[in-house]
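Reviewing the structure listed below.
The values are calculated or read from the model by the stated rules, or taken from the named source; none is laboratory data. What you see is a predicted model; the values in this text were computed from it and never measured. When we count neighbours, we look across all protein chains shown, and the Cβ atoms used for this are built from the backbone with ideal geometry, even at glycine.
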Amino acid sequence: MIICGGAMGLLMCCVVEQHEGGVNPTESMTRALISDDSIARQSTLGPVQLGFVAGVILRERIPPFERMLWRACRGNVFLRQAEIETPLEDPSTGDNVYKSVFIIFFQGDQLKTRVKKICEGFRATLYPCPEAPGDRREMAMGVMTRIEDLNTLALRRGTERSGSSVPPILNRMETLEDPPTYNHTNKFTSAFQTLIDSYGIASYREMNPAPYTIITFPFLFAVMFGDLGHGLLMATFGAWMVLKEKPLAAKKSDNEIWNIFFGGRYIVLLMGLFSMYTGFIYNDVFSKSLNIFGSNWEIKNLTKSYVVTIQDHMLDPAEGDYIDYPYPIGMDPVWQLAKNKIIFQNSFKMKISIILGIIHMLFGVSMSLFNYLYFNNKLSIFCEFIPQVIFLVFLFFYMVLLMFIKWFMYFPTNVFDKQCDATMFAGQISIQKLLFACAVICVPWMLLAKPIYIMRSQRKMNYSVSHQQMQAATGNGDAEQPIHNNTAQPISGHGGEHTEEDLGEMFIHQGIHTIEYVLGSVSHTASYLRLWALSLAHAQLSEVLWNMVLSKGLMLPDWGGGVALGSAIAKIVGNNALRLPNFDDRVTMYVYEEIINGKKLTDIINETHENVKYLPGYKLPPNVVAIPDVVEAAKDADILIFVLPHQFIRTLCSTLLGKIKPTAIALSLIK
């Protein structure tokens, strides 16, 4: 063990508590290590030289050892000791003992001899400690080297005894390359980290974007897949995989598709939950709407049955149908019945997609700022981050501001002349020209500023080195001084020494990054429109799925199970009504509304007098009218003919109760 002591300009007095000889235990006795005479002689004889010895001693012997030094040396020594926390093995007994390390300062050879004899009497182990700081440093390095050799030897012996084929000794190699990046993950974040790594791995100590992707990825998916019903199905599937993950993982399936789903179970769960949220905002459940808070529209001069049946009323707030305050949350359910539903939703979803996309891009650019600050890369902040933010904000975020200005200024109830100005506020054209000019200036700023600065720094550094060499060649003594030039340091705190890069390669590298950012800003903004496009496609496909599949399973098709049979009965009843003179020739037939080639089935039947879907090739009498509302079809009828199983008649009668003639009679044609 090596004890390193340093030079002391001023030595404090030694304080020792005495417990014997009638002295008060709490009384401190002090005595100067250097007398006044010694201090007086110091000015004439030079500085006082203090000697010291260092070693270790048993911890329980420290108090008597300290008292003995005090009494034998009459207080002319300075003792410092510290406990060694790790127990040491006694070579004679093999027991673990606790020791303390000490260092003693003194003046003169007599005190040195006396101190060494006391140390021998207390069986303290003394260790050589050089007086020069350089020698002490060299000895410490030698001891550390021997300790490392002992550890290596112990590992080697342990490897030979264990018979392991993998050596535990790793040799550390110095290199200029960046170390590999390792991100700590768990079963929740591993799928998101894999998703990020498929696009690119962050450099060593750079900010990892995977934690932010845990929110942004499922949310952007939900913008495209906003459906409360479909999201519930997906969230249920994801929750089942999460709750049953231990038994499912124990099966160790070889099915690659299943392993992909199971590995991304937390992604599926979050996508389902976020889809439920956006579906609630869109007010979309299997292409239908929920009327939770009641509509804020009042369609005047129209009956409820007409609105539900026709479904082609144009909603225009300027016509007075709007109540003048918005729906509490999400979309008003009345848009489900509006003719301009797609126009309204397209405008809303398109703008929301652009807003979310630009905010997402700004967030991504801002992450680079934290990397630059961490690596103290001020040059990249000024030459890359600032122009990138200006370019993105002045061109694209300005467009987002215009959207909000439009929403605030052009409120639904405000009526503006169709020949209004093309601008929304005074000076808009001038501001846009200024913003565009600033954005254009940012392109050469990103392209040339950093390479030019590095090139000038290289020239300045080369000039300084050449100047120092010339001074050394002419024999100038100042040339021996070290060069303190800030430009000789690396310009960037990360990514290597810019001073060694080739100038042409530097311009090419910066040009590629500039073109990639400028074109990427435009293309990414357009790419975020896919959120709107896929949301529109999902909504339309959901509506088709409802009309073609779900509605037929959840509702009674034509209230009768046999749609073709119902049309056949309508053909017979219509012909009989025309033939018999005592009957009213009007015949109404309830038909569940469907869309056939972009047209409503009831409109096709009423125009062509043929049920082209369920009874093609058979013409219906002209007095048969197809109506999609069962109450509207039955309210004026004298005879009701049911073509459906009897177990469904109770539900149908409950619907028609109080809404038909009290003298009407009913017949059932299906047992």
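Looking for whichever is within 22 Å of F375 (Cβ to Cβ) and among the aliphatic types (A, V, I, L, M) here; the options are L176, L155, L195, L150. Which one fits?
Numbers: L155 fails: within 22 Å of F375 (Cβ to Cβ); L195 fails: within 22 Å of F375 (Cβ to Cβ); L150 fails: within 22 Å of F375 (Cβ to Cβ).
Answer to the check: L176.
Does N259 count as in contact with a helix residue (DSSP H, G or I) (Cβ under 8 Å, 6 or more places away or on another chain) and either loosely packed, with under 15 Cβ neighbours inside 10 Å or not assigned by the TED database to the domain that holds L243 (or both)?
Taking the combined requirement at face value, the residue does not satisfy it.
Counting residues that are modelled with pLDDT under 80, which helices (runs of 4 or more DSSP H) fully inside the stretch 510-610 reach at least 3?
On the way: elements: 529-545, 551-554, 563-579, 601-608.
Per the criteria, 551-554, 563-579.
If a residue has to be under 18 Å from F280 (Cα atoms), surrounded by fewer than 18 Cβ atoms within 10 Å (Cβ to Cβ) and either touching a Lys or Arg at 6+ places or on another chain (Cβ under 8 Å) or of a type in the set (V, I, T) (or both) to count, how many in the stretch 217-248 make the cut?
Here the count works out to 1.
A quick yes/no check of all residues on (1) in a loop (DSSP other than H, G, I, E, B); (2) in contact with a strand residue (DSSP E or B) (Cβ under 6 Å, 6 or more places away or on another chain); (3) closer than 30 Å to V268 by Cβ; (4) not charged (D, E, K, R):
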residue: M139; (1), (2), (3), (4): no, no, no, yes
residue: V143; (1), (2), (3), (4): no, no, no, yes
residue: G158; (1), (2), (3), (4): no, no, no, yes
residue: S164; (1), (2), (3), (4): yes, no, no, yes
residue: T181; (1), (2), (3), (4): yes, no, yes, yes
residue: F188; (1), (2), (3), (4): yes, no, yes, yes
residue: Q193; (1), (2), (3), (4): no, no, yes, yes
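Being over 23 Å from V56 (Cα atoms) and among the basic types (K, R) narrows it down to one of R172, R137, R114, R146, so name that one. Give the steps one after another, and end with the answer.
Details: R137 fails: over 23 Å from V56 (Cα atoms); R114 fails: over 23 Å from V56 (Cα atoms); R146 fails: over 23 Å from V56 (Cα atoms).
Answer to the selection: R172.
Within the stretch 195-251, how many residues turn out to be among the hydroxyl-bearing types (S, T, Y), in a helix (DSSP H, G or I) and without any contact (Cβ under 8 Å) to a residue 60 or more places away in the chain?
As a first pass, look at the stretch 195-251 and keep what is among the hydroxyl-bearing types (S, T, Y): 198-199, 203-204, 212-213, 216, 236.
From the residues that got through so far, the ones that are in a helix (DSSP H, G or I) too are 212-213, 216, 236.
Among the residues that remain, those that are also without any contact (Cβ under 8 Å) to a residue 60 or more places away in the chain are: 213, 236.
Within the stretch 195-251, residues that are among the hydroxyl-bearing types (S, T, Y), in a helix (DSSP H, G or I) and without any contact (Cβ under 8 Å) to a residue 60 or more places away in the chain number 2.
Quick check, is L644 modelled with pLDDT of 85 or more and touching a helix residue (DSSP H, G or I) at 6+ places or on another chain (Cβ under 6 Å)? Give the derivation first.
Values: modelled with pLDDT of 85 or more: no; touching a helix residue (DSSP H, G or I) at 6+ places or on another chain (Cβ under 6 Å): yes.
Here the answer is no, as L644 does not meet what is asked.
Only one of (1) polar (S, T, N, Q); (2) more than 28 Å from the chain's Cα centre (by Cα); (3) under 27 Å from V223 (Cβ atoms) is not met by Q388, so which one is it?
(2)
Looking at L150 and the list (1) hydrophobic (A, V, I, L, M, F, W, C); (2) assigned to a loop (DSSP other than H, G, I, E, B); (3) surrounded by fewer than 15 Cβ atoms within 10 Å (Cβ to Cβ), which single condition is not satisfied?
Unmet condition: (2).
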